[in-house]
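Undergrad: Take this structure first; my questions come after.
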């Protein structure tokens, strides 16, 4: 049994599997597999997508970032290197931030436009910009290293 499977069982408690699965937007069969931690077809550890974890997070009113961490998408602390918008580490990493880290960044930054939360298209535009910005900053750093 994995950490994620144990957590999912704990979060569901005595609630019927079908009810919890319906609220999460997944089948009860899939939720059962997630709680067991093993894909019955392959016998390997099952790893739900970030989108599935988002639905589970809403269903159980449990922090999405913590589910991502337990599932292995983020550092075990539940915080990515960029989950705190005030940290400068976004631009000084050796590897680009993952899309999940950027999504967490956007969520934690509480970004609004015209007084309303960003829609999905706006978020995609910002994610694209941040990825471009990271590449640009990396090229600057590489150029400085080569020139010094």
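Values in this text are rule-based calculations from the coordinates and carry no lab data. Since we're looking at a predicted model, the values are computed, not measured. Reconstructed Cβ throughout: ideal geometry from the backbone, glycine too, with neighbour counts over all protein chains shown.
Undergrad: Between residue 123 and residue 66, what length in nm is gained on full extension when 0.36 nm per residue of separation is reduced by their alpha carbon distance? Could you put the intermediate results ahead of the total?
TA: Working: separation 57, 0.36 × 57 = 20.52 nm, distance 2.10 nm.
Stretched out fully, the residue 123 to residue 66 stretch lengthens by 18.4 nm.
Undergrad: Express the C-alpha Rg of region 3-70 as a ratio against the empirical globular expectation 2.2 N^0.38 Å, rounded to two decimals.
TA: Details: Rg = 10.8 Å, N = 68, 2.2 N^0.38 = 10.9 Å.
Relative to the rule-of-thumb radius for its length, region 3-70 sits at 0.99.
Undergrad: Can you sort 114, 39 so the residue with the fewest Cβ neighbours within 10 Å comes first? Before the final figure, lay out each step's value.
TA: Values: 114 4, 39 13.
Neighbour counts put them in this order, fewest first: 114, 39.
Undergrad: Roughly speaking, what is the stretch gain from residue 3 to residue 42, that is 0.36 nm per residue apart minus the C-alpha to C-alpha distance, in nm to one decimal? Spell out each step's value before the answer.
TA: Working: separation 39, 0.36 × 39 = 14.04 nm, distance 1.91 nm.
In short, 12.1 nm is gained.
Undergrad: By how many nm would the segment from residue 10 to residue 98 lengthen if fully extended, with 0.36 nm per residue of separation less the alpha-carbon distance?
TA: On the way: separation 88, 0.36 × 88 = 31.68 nm, distance 2.86 nm.
Gain on stretching residue 10 to residue 98: 28.8 nm.
Undergrad: Return 42, 52, 29 ranked ascending by Cβ neighbour count within 10 Å, so the fewest neighbours appear first.
TA: On the way: 42 8, 52 18, 29 12.
Starting with the residue having the fewest Cβ neighbours, the order is 42, 29, 52.
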